[in-house]
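The values are calculated or read from the model by the stated rules, or taken from the named source; none is laboratory data. A quick note: this is a predicted structure, and the numbers were derived from the prediction, not measured. Because the Cβ atoms are built from the backbone with ideal geometry, glycine has one as well, and the counts that use them run over all protein chains shown. Just so you know, the surface numbers come from the protein's heavy atoms only, side chains and all, with ligands and any DNA or RNA stripped out. Shrake-Rupley method; radii C 1.70, N 1.55, O 1.52, S 1.80 Å.
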Amino acid sequence: MAKYRDFMLQQSDFIKAQEYTDTSAIILNIRNILLSRKGNFPFTPSFGMNVEKYQFDLLDDIQIDVIRSELSKHIAQYIPDISGVNVSVEIVVDEQGIMAGGQNMLGITVVSKLNSEDITASFLLYEKSGEVFIHNETH
């Protein structure tokens, strides 16, 4: 039986809940940590780091360290069963202007283990027209 479970509503002709378990649920949880604002969840008011508060076009090494530290702290607190967590954060420049209109993007990679299974999740976040977009890839 899966220990970690999460659900998302999928838009379709029939709105239904898509269930995610174990590795997929953990990756979804990391995504939720990134995008949620503190206080969004009444029973866990400190959950979330509101990554959209950072101005992506003004990112510097100090902000990168703050983001890495805050995400690592949240993962340790809210996903305690994963081990060997390594969080890397980098500025990705959209030189072609394809996704972020030539602005900076935030690249985040989380590498960890659940039991003996390796988990790698990469997220690319960018701001466009005042809205934060996130793409993620799992391995």
Val111-Thr44 FRET efficiency (beta carbon distance; Förster radius 30 Å; 0.05 resolution): 0.75
Relative packing of peptides 110-122, 39-51 - highest average C-beta neighbours within 10 Å first: 110-122, 39-51
For Asp22, solvent-accessible area (1.4 Å; no DNA, RNA or ligand), Å²: 50 Å²
Cut-off 12 Å (backbone N to label point 7 Å along Cα→Cβ of Asn136), residues of the range 33-74: 33-36
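Can you sort Arg37, Arg68 by solvent-accessible area, 1.4 Å probe, largest first? Could the numbers behind the result be given before it?
Values: Arg37 115, Arg68 75 Å².
Largest to smallest exposure gives the sequence Arg37, Arg68.
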Exposure of Glu52 as accessible area (Å², to 10), given a probe of 1.4 Å and all protein chains: 80 Å²
